[in-house]
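Below is one structure, written out as structure tokens; the observations come after it.
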């Protein structure tokens, strides 16, 4: 076995140069942590305050009341609107209705199942439209209310829907038109976290509220057709155009500013007197020029 002589090493052993590590700034990490804590605190505050979605105007009075569509099986919105009409807090009621099957609308179904007085039925109108969101519903109903001459309107909807609905109608309505939210108690939402359906309503409503504030509020809304306002006459039970004349003392919802008063019927055997004719001599003297 042969051995090789070791060569003496002169000086330090050369090593390859090491790459210098790049130091990243730490402020984005701190910012993300602070933002996460703030969001967690906000979520905890919202979860603790269950009624943060509710915005009510107690003891409000207005000439018109609008009942929004989308209520549950309890019919809490329509029932509250009819109670406002009975209590004298409003003069006329407009109920929003969306199609169920063919020409059957939710407003007609709800009104048929609730007791109403004959005198009160003349003050209840229906607004038929095909909207499936609160934004689209506001676009369809606000022009219809303008055509009825409404300026201050009580906005009746479920309690968890009041804050978002009031914000949407306020943003879309023209100047001079005011909407006052009135909350109808929803039994599922009132149960709180103990109810599965109540928790679903709470989460869904907060997601819709965030979407409205982040997206829909700043986007250009498409033009939608106006809602069709109809009235159900108690004599026939059919829907038709609102009556131009309402019997006193009910204020006519169709023409509140310029009511048309029908002429009283003439009694039987009444003869109209003809105007007296002037004698022929006077007529000739007036027609012929005088001779000079």
Among the helices (runs of 4 or more DSSP H) confined wholly to segment 153-224, which include 3 or more residues that are under 16 Å from the mean Cα position of the chain (by Cα) and at pLDDT 90 or above? 162-172, 196-214
Report every pair of residues separated by at least 6 positions or lying on different chains whose Cβ atoms are under 6 Å apart, first residue within segment 120-144 and farther than 22 Å from residue 62 by Cβ, second part of a helix (DSSP H, G or I). 131/137; 131/140; 135/168; 135/216
Give me the pairs, please: first residue somewhere in segment 48-70 and at positive phi, second residue anywhere and assigned to a strand (DSSP E or B), beta-carbon distance under 9 Å, and either six or more positions apart or on two chains. 70/96; 70/157; 70/158
Tally, over segment 229-242, of residues that are in contact with a helix residue (DSSP H, G or I) (Cβ under 8 Å, 6 or more places away or on another chain) and either under 11 Å from residue 111 (Cβ atoms) or modelled with pLDDT of 75 or more (or both): 3
Members of segment 86-111 found to be within 16 Å of residue 229 (Cα to Cα) and either modelled with pLDDT of 90 or more or touching a strand residue (DSSP E or B) at 6+ places or on another chain (Cβ under 6 Å) (or both), listed by number: 92, 93, 94, 95, 96, 97, 98, 99, 105, 106, 107
Which ones in segment 124-147 are assigned to a loop (DSSP other than H, G, I, E, B) and surrounded by 21 or more Cβ atoms within 10 Å (Cβ to Cβ)? 129
Residue count, segment 79-119 (criterion: part of a strand (DSSP E or B) and touching a residue at least 24 places away in the same chain (Cβ under 8 Å)): 7
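The values are calculated or read from the model by the stated rules, or taken from the named source; none is laboratory data. No experiment lies behind these values; they were computed from the predicted model shown. Note that each Cβ is placed from the backbone with ideal geometry, even for glycine, and that neighbours are counted across all protein chains shown.
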